[in-house]
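Below you'll find the structure, written out as structure tokens, and then a few comments.
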Amino acid sequence: MNMEEQEVSAINNFLSKLGLEKFYPNKLTLQSLLEINKDSIYEEKVESLEKIPWCFLRKLFQINVGCRNCIHLTNSDDIDEENDDLSDFDIFNADDFKENKINPLDLIVALFLCADSFLQQEMALKMSMCQFPVPLLLPHGHSQCTLMLWALRDIVKEWRPYHLTESRGFVQDSIVQAKLPFYSFVRLKNCSLSKSELLNHALSYNQYNHNIFIHREMKGRAITKKIANGLVEVCWYLPSGIRNLDIFPGPVGFANLRGDICDSVKEFTFLFQMSTATFVLLDKVEEEEHKILASLQDVKSKLFLVVNHKKGNTRQDTMSVKALVKGLNLPNSRLKAKSPRENVAEFSDKLCLVISESLRNGGNTVIIENTLDKAVELDLSVDEVKGVGQRKAAEQIVEGIQVQRISDYKKQQLPLQGDEWKRLSELEMEQCSLKKAGDVGVEEYKASLQVEVEQIKKQLGKYKQSRAMKCFIKHLSENNTEKRDFFYKWMKHKLNSHSQYDTELHELHNTLREEYHKKDKDVKLIAELDQALLESSLGIEHYMREMGLTYEFSNSTKAADQIAHLPVVAAEMLLDGYPLELLDGDASNIPERWVTDVLMELHKKVGEKSRLLVLTVLGVQSTGKSTLLNTMFGVQFPVSSGRCTRGAYMLFLRVGEDMKNELNCDFIVLIDTEGLKSPHLSLLEESCKHDNQLATFVIGLSDVTIINVAMENSTEMKDVLQIATHAFLRMKKVGKKPVCHFVHQNVAAVSASAKTMTERKHLLDQLNEMTKTAAEMENLVSIKTFTDVLEYDMEKNNWNIPGLWRGTPPMAPVNTGYSEAVADFKRNILETLSGDRGRENIQIPEFLLWIKSLWKAVKYENFLFSFRNTLAAHAYDKLCKEFCRWEWEFRREIFSWQKATELEIHNTDTESTLQHLSDLVKSKKSKASEEITAQEKIMKQKLEDYYRRKNIHIDLIRKYKIDFFNSISSLAKEIRHSVNNKLDQALDLSKKSKELKDKMNKFTEVVEEQVLQLLSDCKQSTLSDEELRDEFEKMWTKETNKVTGLKEQNICENILKLLRASFGNRKVNEFFENIGDLTEIGRSSFEVTSSNSSCLLACVPVSRPTLQDIADNTIESCRQILVDVTKKNTDYHESFTKDLLDKVEESLKPHKNTKFEFDLKLHICGIASREFVQMHKTFLRTQLEKFKTQYLLEFLYVYKLRWTDHKKST
């Protein structure tokens, strides 16, 4: 058997030993590891070699640095104990013992050989997070190895060079594209000094001693390597910007060749040629090794010899080293010797000095992706030979970014997510809130909004696919999933790479950060910078969003045919572990048609077996919520702080057959959201509303909500939680009661649970207080505590998680305690859910209905979300109620004065001249202005006094004080305008009455003329009384037409406006959607139903018959008020409606429920509308027709008199 066959046989034997042979080569997928099964939840004992790889992968995906310890069987310690007695030691037992252990390097190589391209990327990323080295060159038999460019593409590192220390800036770069100095470490065959241990000491200076590289003193390393010789591992040193901690001032790459150079000549040559310098560790030099080193070029500038002087070294060993130094003509500075008196830690300090000196002198720097040609030249394989076509397609799509600004590129290539989409989202929100209706009638305003909505949808439907989107959709629709996945990844890499080097984007980030930290913040500028940042951000999610909107707004048959397959594509990607944008955070909207069709396609693909368990993590920005989700489930949500794309994403994880019955679901849906309470966004007007909407929506969708609370951000998170809890109280359709878990990050002490008990109790007390306050605002007296709304146990649902890093980033590894605590948390959640047999999980169709219902409820919540927390909302609501009472006192006072003045004008002597009437009204207007100014001052004083009160959380609403003062001024202006109009109408009516009186004085002549005309036209026959009345009507209309000019009011619209206002800030807009004709409401008797009383009956001990009696008595009282009002010979005034609404509220005080109150008020308003409309019409009619009957009789009398005379004459 030759060498190549031996190597292949060794790989096959080793893979067979671990049970991995069926996955070789590259058949193990990422999706298979993300499945939720018992192996991914429970810590299973490693009782056989076949379980070692899965234990390693499970812990690696938990970012647990202890994953490399999964190389021993759990019973191997017993063997150690049995073999303590040397007399019993058996050489054969020793061999068996070794057979039960494996070298961790062999395990890593085996898993990379079995993993497909995408799992390799994920493994490399997780290993890098653990501060483990990752494979740069991977051996795979046949004396071959592969350059792992693709596997390293996902690794992006951050560091802070010294020149950015003062500005607190940082550099972020892909590790294969970063231009860095690069140092390689290799050894000769006879070397007793561990280069891996030496590197660990060097790179862990001033930090905890972390075993970056596996070395011979670690567990399992004593086992001989089977397949890992020739492996080249690479890691990076990255500075933190803290001079006392940093070893080197800038980033540096380090490579470590496993095995000696004679067995891996190609690998060694590749490393030497690409490196800034190469360190060769040796005790002595053999002839073959001498030849290899002598064949190198540039050895004087690139080669360092590290000689380990130890006891037992022979003179021959020393002479072989000297011969090599002489043969290579190396200066003494290139020779570093470790004396027997030095330990490894001490010698590592010398090594760091040598590297620092080399860095100062300058040398070649390396970009890993540029070493591809060198690898090919040396006959090394490259893993990026796959997906070349997809790489070119991705480059073709993004090439336009290089020649124009991102914002311009997005307008041209991704037009659907521009201003029109955002405007449409605003309009749909406004259709629910109607906050900007102003003086326009509600129905008229709603109609105008709908017209604009339809226009925008029509315009969006006209857009043709851009060149970039055609190409994107074409390659994403590829039937070959591997090609599709390569294309998606290359798009992601290319876009991320551009963002990292986009100077404009960096400048915007820096300017925004500087502006935020200024003492006098320019809020307008911050808003502009934030918008510019959004417009300048471009990632793969923008293309996916554009694809969804393309489908959402397709309306022509031809276009629909071309994109009908897109939901199928997205559903397949969801099943393969890709996230789907649920809520577009930039526009605050859900493309409902797109999301619905994608999820329904997924439902079909899984045979309509799609029971879902939804889990959400919420947290303040940059508190590690995405990292928490990633660690719990091994997924890869974006974790970079300050991420520009906002919203919510969902990711589907399959549940294994062994857990489906226990969890009662087929998928676990993870929902990740943007960080809440972004510091710079918190200054913007809509920020609070956006955060509260988002939190309420995702909590409402969830079965389990994890509230991620870092100690420094607990107040902000409590604020959001209060608003979300309050929102659930207002959403009557919300039937879910999510389980709520609090995760307290950065809490590491073993006594933390006991010490934080008081704090947890205080948190619960606060939440209970807020819930009670919210329930009082909503008149839900049965709701007393936070746990009445969300399921929460103070003992079981609080989790203390240690800090993520063990040391100072960026060189700190992940804290093992963090990974273990998160794994325990995940296990507990799923065990608790599996034990809850009474829980029914919904399938996708029901989930979609839930999304629509919940989003609709969120859109209709137009008051609560604007506040920081419930106390602020409550304080504002109380002031609104007081303000409303003052307003009506103001209005009634002026109305009383107005009615008296109108009566005075009407009673003015009809003999008065028109000039006299005009002068009278002018003086009354002046008097009215004085009265209104006086009442305005009184109301402003009341507001001032209110803000001087204590114990009503005034400080929470102090920022609204100016708004309320402005509202008083606007109110006074509105009343002044209204009174002046009424006085002008009174003047006009008096003028018309005078004109009519004058006409009536001359009307006898008109009657005479008309009668004579009739007699002339009808000489031969007399007219009946009915015919005479018709003739009179024609004459009356003609003669009085010039004096009819009073405008008829829209009484129903005014009543509905007052009805809406009577609910203050309560959530009632949805109830007004389908009212229709108000005058048709209330014609049948009012009935108490389950829909309008169920919540009320649950809150207070009152029977339905009793409620019916209350309703009937209230209606009867209001009917009596109507009778009294309509008896008056006066016009309609809005105070009449206000009196009716006040009467209803007074009657329902002990039994208040918003739906019941609305239905009863609407019923009474329907009755009143008919009376008030008739009252108004009667008033207008009587003003001009009070003389009509008199002149009709005169008309009839004159006609008959003249007809008699006519007959006599003939």
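The values are calculated or read from the model by the stated rules, or taken from the named source; none is laboratory data. The structure displayed is predicted, hence computed values, not measured ones. Note: ideal-geometry Cβ built from the backbone for every residue, glycine included; neighbour counts use all protein chains shown.
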Test: residue in the stretch 41-50 that is in contact with a Ser or Thr (Cβ under 6 Å, 6 or more places away or on another chain) and closer than 22 Å to Phe132 by Cβ: yes
Verdict on Lys994 being at pLDDT below 75, part of a helix (DSSP H, G or I), surrounded by 12 or more Cβ atoms within 10 Å (Cβ to Cβ) and among the basic types (Lys, Arg): yes
Among the residues listed as Gly647, Gly607, the single one being modelled with pLDDT under 90 and not assigned by TED's automatic domain parsing to the domain that holds Leu33: Gly647
Of all residues in the stretch 918-975 being among the hydroxyl-bearing types (Ser, Thr, Tyr) and touching a Lys or Arg at 6+ places or on another chain (Cβ under 8 Å), the one that is nearest to Gln898 (Cα to Cα): Ser929
Residue tally, condition charged (D, E, K, R), in a helix (DSSP H, G or I) and at pLDDT below 85, over the stretch 489-525: 6
Qualifying position, being in a helix (DSSP H, G or I), surrounded by 13 or more Cβ atoms within 10 Å (Cβ to Cβ) and in contact with a Lys or Arg (Cβ under 8 Å, 6 or more places away or on another chain), among Ser320, Ser301: Ser320
Number of the condition not met by Gln131 [criteria: (1) polar (S, T, N, Q); (2) surrounded by fewer than 20 Cβ atoms within 10 Å (Cβ to Cβ); (3) in a loop (DSSP other than H, G, I, E, B)]: (2)
Pairs where the first residue, in the stretch 361-380, is at positive phi and the second is surrounded by 14 or more Cβ atoms within 10 Å (Cβ to Cβ) and not in a loop (DSSP other than H, G, I, E, B), C-beta under 9 Å, 6+ apart: Gly362/Pro181; Asp379/Lys266
The stretch 919-939 residues that are more than 13 Å from Glu893 (Cα to Cα), paired with ones that are assigned to a helix (DSSP H, G or I) (beta carbon under 6 Å, 6 or more apart): Val921/Leu983; Val921/Leu987; Lys924/Thr901; Lys924/Leu983; Lys925/Asn980; Lys925/Leu983
Tally of residues being farther than 17 Å from Cys432 by Cβ and not aromatic (Phe, Trp, Tyr) across the stretch 585-595: 5
The listed residue being among the acidic types (Asp, Glu), modelled with pLDDT of 90 or more and more than 19 Å from the chain's Cα centre (by Cα), out of Glu541, Glu552, Glu528: Glu552
Test: Phe118 is at pLDDT 95 or above, assigned to a loop (DSSP other than H, G, I, E, B) and either over 22 Å from Ile214 (Cα atoms) or out of contact with any Leu (no Cβ under 6 Å at 6 or more places or on another chain) (or both): no
Every pair of residues 6+ apart whose Cβ atoms lie under 8 Å, when the first sits in the stretch 282-295 and is surrounded by 15 or more Cβ atoms within 10 Å (Cβ to Cβ) while the second is acidic (Asp, Glu) and in a helix (DSSP H, G or I): Leu282/Glu289; Asp283/Asp317; Lys284/Asp317
Conditions (1) surrounded by 24 or more Cβ atoms within 10 Å (Cβ to Cβ); (2) in contact with a Phe, Trp or Tyr (Cβ under 6 Å, 6 or more places away or on another chain); (3) charged (D, E, K, R): number failed by Lys195: (1)
Test result for Leu328, surrounded by 15 or more Cβ atoms within 10 Å (Cβ to Cβ), more than 30 Å from Gln500 (Cβ to Cβ) and either without any contact (Cβ under 8 Å) to a residue 40 or more places away in the chain or out of contact with any Gly (no Cβ under 7 Å at 6 or more places or on another chain) (or both): yes
Test for Leu125: is it surrounded by fewer than 22 Cβ atoms within 10 Å (Cβ to Cβ) and at pLDDT 90 or above: yes
Exclusive hit being in a helix (DSSP H, G or I), among the small types (Gly, Ala, Ser) and more than 25 Å from the chain's Cα centre (by Cα), set Ala437, Ala468: Ala468
Residues (more than 13 Å from His201 (Cβ to Cβ) and either modelled with pLDDT of 90 or more or of a type outside the set (D, E, K, R) (or both)) located in the stretch 338-354: Ser339, Pro340, Leu353, Val354
Matching residues, the stretch 19-37, being in a loop (DSSP other than H, G, I, E, B) and aromatic (Phe, Trp, Tyr): Tyr24
